[in-house]
Amino acid sequence: MSIFDKLQDIDIRIIYLLAMISVFYPLISPMGLPIKIGAQSTKWYNYLNTIPDGSVVLFSPNFGASSLSELLPMTVATLHHLWSKNVKVVVVAFWADGPIMFRTAKGLAVPESYGKVYGKDYIELGFVPNGETGMNNLGKDVLGTCSVDYVNNRPTRDYDIMKNIKVATDFNLVISIESGTPGFDGWARQWETVYKVKFIVGCVGVSIGGMQPYVNSGQIQALMPGLSPSAEYELLIKKPGLGIASTDAITMSHYLVIAFVIIGNVAYFLSKLGGKKDG
Amino acid sequence: MSSLLKRIEIPIFLTIVCCLLQVVPYYFYWKPLDDFATREAQWMNLIVATATFIGLISLVQVHGANVQKRSKGWYFSVVTLVCAVSFAIIGLPLPEYGLGSLSYWYLFLYNNGQVALSQAQFSLLAFFMTSGVYRAFRARNLESGLVLGAGILTVCYNAPAIVATYPFFADIRGLLNDIPNLALNRAVTIGAALGAIILAVRTLLGIERGYLRGGGD
Amino acid sequence: MVDTITLIGIYIAVFLTLGLFTILYKENVWFRIAEAIYLGLAVGYGIAFDLKYLRDQWNSPWSKEPMLMVGFALAILVGILWYARFNRSVFYLYRWPLAITVGTGIGMALKTVIFSQFLDQIRPQINLNLWLPNNPWQSLWNILVFLMVPSVLLYFWFTGSGHEWAPMKVVDKFARYTMMLGFGYMFGNAVLGRYSLFIGRAQFLLGITPNPPEAQPAFWVIAAVMLITLIGWDLYKRQKS
């Protein structure tokens with residue numbers, strides 16, 4: 001077995017160990033690797049900056065514990081941004097875990113620290129089952145679909161914030177942080193097409209590709225794709241958090257992936273070349 | 001009577017009526033019909049929420065049988081059953097009895113159990129992906145070379161330090177995103193739309209019955 | 001300083017995280033325990049939200065009018081038919097709620113899919129500017145998108161002998177190159193996604209803010225115990241054989 005053949009057959013546990021080191025090492029001793037603010041995070045930031053005062057935003061955390069690490073930084077940063085503005089925020093989830101995910105994020109971006117009052121400036125309406133049908137129902141009848149709030153179990157209509165919110169057109173923007181279905185396609189079909197309500201989407205890395213046609217056609221106004229842009233967004237709003245803390249580990253783990261691709265391919269070609277020579 | 005109720009035409013009829021009820025008022029608006037469609041959709045949400053115990057019952061069937069037969073590793077089935085049933089009970093929406101999704105013990109189990117396990121489970125894919133990349137990502141021909149090239153350039157872009165040092169990766173990633181990725185996914189989106197329409201028409205005509213299969217008849 | 005129950009919770013979370021990670025070494029009892037707990041919790045957690053939704057809906061609006069109360073009762077009765085799937089003799093009843101759900105779902109999507117997924121995608125495709133005298137590169141990119149979209153559609157459209165036709169072979173090849181580039185791009189993003197999840201777990205294990213700092217000592221202790229038992233068990237089995 002030549003050295004090139006050996007290089008193509010590294011023990012899988014060594015690969016796993018190196019993958020662990022590539023993440024743990026930069027987290028234990030941060031390297032302060034550079035970071036550049038990209039176009040997507042800037043677009044998201046600018047879009048949220050231009051929301052007029054008094055707007056009503058529907059914030060929808062449509063993800064579960066499995067993608068919490070990837071989506072929490074952008075959720076927290078977006079909430080910081082929203083709380084810092086004079087807008088009203090209504091939180092509704094179409095994923096069962098959504099209400100808990102929001103509460104986790106709310107613990108890190110506390111609305112009360114921005115002077116926001118529950119029931120007046122923001123409200124949690126909990127979970128609506130049945131995905132896209134639930135989105136449709138919410139659009140047609142907000143108070144009927146979410147009859148009581150999630151926190152106090154009080155009738156939704158009793159809250160100040162809900163006085164003028166009855167149907168989808170009462171919202172100026174939907175922010176959907178999501179990791180799958182129901183998600184952007186449901187918003188596009190049930191809200192954007194029917195009521196012309198604008199929406200922006202924060203998503204996991206694996207979903208980026210599928211969103212692009214909707215971004216290009218202008219159906220999705222802005223896209224926050226994954227952890228790296230979340231870190232950039234944290235810089236933009238000057239609230240460094242878990243995203244920034246992750247950037248060194250992202251870079252190092254990606255270096256490792258690149259290194260393995262190079263090792264595998266170089267060894268493959270050299271062993272093929274060696275084989276030809278021997279032949 | 002029972003043979004009449006068993007007729008496949010009943011669920012097909014229900015499907016057609018429910019489907020048309022949602023579609024017709026959108027194109028031919030008539031307020032009473034639209035209101036009725038809205039109420040039907042809300043009503044259907046209740047039906048879907050009622051299905052919540054299906055998973056738990058299936059789990060009890062499979063793992064209960066394991067325990068009963070003392071199959072290999074039956075004690076793990078006991079653990080599964082205890083966790084499922086206790087989590088379901090703790091989550092019952094009875095805040096007056098200290099239960100429900102906002103109760104201390106529900107959040108305790110959720111944050112320390114569900115969050116830890118879900119994240120750990122999916123993060124395992126990072127390891128499998130790395131070893132998969134190393135073993136299978138080979139430029140054996142032009143097509144695999146294209147996958148590899150596009151993949152590795154995107155990986156370079158996604159590493160914050162790489163793109164900060166070599167900004168041209170952002171331009172390359174922009175091209176990949178805006179040309180082949182957009183084209184591929186636009187074609188898929190259009191194809192999926194056509195597929196959805198065809199599937200709906202087939203279902204409305206009663207030709208598509210795949211979803212009604214099972215049960216042995 | 002956290003209270004004892006919170007500390008126990010942190011130790012449980014660390015144990016379960018590492019328990020699942022031990023599968024990277026090999027199948028073992030720690031992994032099986034964590035897996036069994038995961039399965040149980042994953043099945044149990046959603047029930048809380050569905051039942052809460054039912055309770056909230058009953059409180060308002062469904063209990064407010066007699067007709068609505070009947071409707072609610074009917075929904076629950078139809079919903080109970082879901083469970084007919086567990087009995088072969090009444091399995092056919094399970095198809096009724098399924099039919100209502102599928103029918104409503106299809107109707108819901110069908111009414112707007114033609115706009116949101118078809119026309120809204122065809123429109124920018126038709127409006128692509130193929131000749132920009134001041135920006136020849138952009139012209140080229142637009143021409144590529146203009147050609148790539150129909151070629152990928154045609155690739156999936158024709159099956160069997162359709163691909164034997166000579167012009168289709170060229171289209172096929174072009175479509176395959178497009179798809180390979182697209183798949184590569186999506187794969188690159190998937191790498192970021194998966195590592196993001198692992199980084200999140202690693203941040204928890206190391207107790208990096210806002211995660212509880214108590215997780216770090218728990219991590220070292222439990223990791224050591226698991227490693228020693230796994231390697232020890234392996235050595236013991238090797239010695240025995």
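The values are calculated or read from the model by the stated rules, or taken from the named source; none is laboratory data. In this text, all values refer to a predicted model and were calculated from it rather than measured experimentally. FYI the Cβ positions are ideal-geometry reconstructions off the backbone, even for glycines, and counts take in every protein chain you see.
Below, the figures for the structure above:
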quantity	calculated
Contacts under 6 angstrom Cβ, first residue in region C:209-227 being free of Cβ contacts under 8 Å to residues at least 12 places away in the same chain, partner in a helix (DSSP H, G or I), 6 or more apart	C:210/A:108; C:211/C:203; C:211/C:204
Count - residues of region C:53-95 that are touching a Lys or Arg at 6+ places or on another chain (Cβ under 7 Å) and either surrounded by fewer than 18 Cβ atoms within 10 Å (Cβ to Cβ) or in contact (Cβ under 8 Å) with a residue 12 or more places away in the chain (or both)	2
Of all residues in region B:122-148 being under 20 Å from the mean Cα position of the chain (by Cα) and surrounded by fewer than 21 Cβ atoms within 10 Å (Cβ to Cβ), the one that is nearest to residue C:183 (Cα to Cα)	B:125
Counted residues, region B:149-183 - those being surrounded by 19 or more Cβ atoms within 10 Å (Cβ to Cβ), among the hydroxyl-bearing types (Ser, Thr, Tyr) and without any contact (Cβ under 8 Å) to a residue 12 or more places away in the chain	0
Region B:87-110, subset assigned to a helix (DSSP H, G or I) and at the interface with chain C (Cβ under 7 Å from one of its Cβ atoms), residue nearest to residue B:56 (Cα to Cα)	B:88
Selection from region B:184-198 of residues that are more than 7 Å from every other protein chain (Cβ to nearest Cβ) and either surrounded by 18 or more Cβ atoms within 10 Å (Cβ to Cβ) or not in a helix (DSSP H, G or I) (or both)	B:188
Checklist (1) within 26 Å of residue A:95 (Cα to Cα); (2) assigned by TED's automatic domain parsing to the domain that holds residue C:235 applied to residue C:26, failing item	(1)
Answer from A:184, A:171, A:199 - the residue that is touching a strand residue (DSSP E or B) at 6+ places or on another chain (Cβ under 6 Å), closer than 26 Å to residue A:137 by Cα, of a type outside the set (Val, Ile, Thr) and surrounded by 24 or more Cβ atoms within 10 Å (Cβ to Cβ)	A:184
Only one of A:230, A:271 that is part of a helix (DSSP H, G or I) and within 16 Å of the chain's Cα centre (by Cα)	A:230
Qualifying residue in region B:174-183 (condition: more than 7 Å from chain C (Cβ to nearest Cβ) and within 30 Å of the chain's Cα centre (by Cα))	yes
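Listed here are the residues, each with its yes/no results for (1) out of contact with any Pro (no Cβ under 6 Å at 6 or more places or on another chain); (2) surrounded by 17 or more Cβ atoms within 10 Å (Cβ to Cβ); (3) touching a residue at least 24 places away in the same chain (Cβ under 8 Å); (4) not charged (D, E, K, R).
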residue: A:5; (1), (2), (3), (4): yes, no, yes, no
residue: A:19; (1), (2), (3), (4): yes, yes, yes, yes
residue: A:40; (1), (2), (3), (4): no, yes, yes, yes
residue: A:68; (1), (2), (3), (4): yes, yes, yes, yes
residue: A:72; (1), (2), (3), (4): yes, yes, yes, yes
residue: A:82; (1), (2), (3), (4): yes, yes, yes, yes
residue: A:117; (1), (2), (3), (4): yes, no, no, yes
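Table: residues versus (1) acidic (Asp, Glu); (2) farther than 18 Å from residue A:71 by Cα; (3) at the interface with another protein chain (Cβ under 9 Å from one of its Cβ atoms); (4) over 20 Å from the mean Cα position of the chain (by Cα).
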residue	(1), (2), (3), (4)
A:186	no, yes, yes, no
A:194	no, yes, yes, yes
A:202	no, no, no, no
A:249	no, no, yes, no
A:255	no, yes, yes, yes
A:258	no, yes, yes, yes
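One line per residue, one yes/no per condition, for (1) among the basic types (Lys, Arg); (2) more than 24 Å from the chain's Cα centre (by Cα); (3) part of a helix (DSSP H, G or I):
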site	(1), (2), (3)
C:27	no, yes, no
C:44	no, no, yes
C:84	no, yes, yes
C:91	no, yes, yes
C:94	no, yes, yes
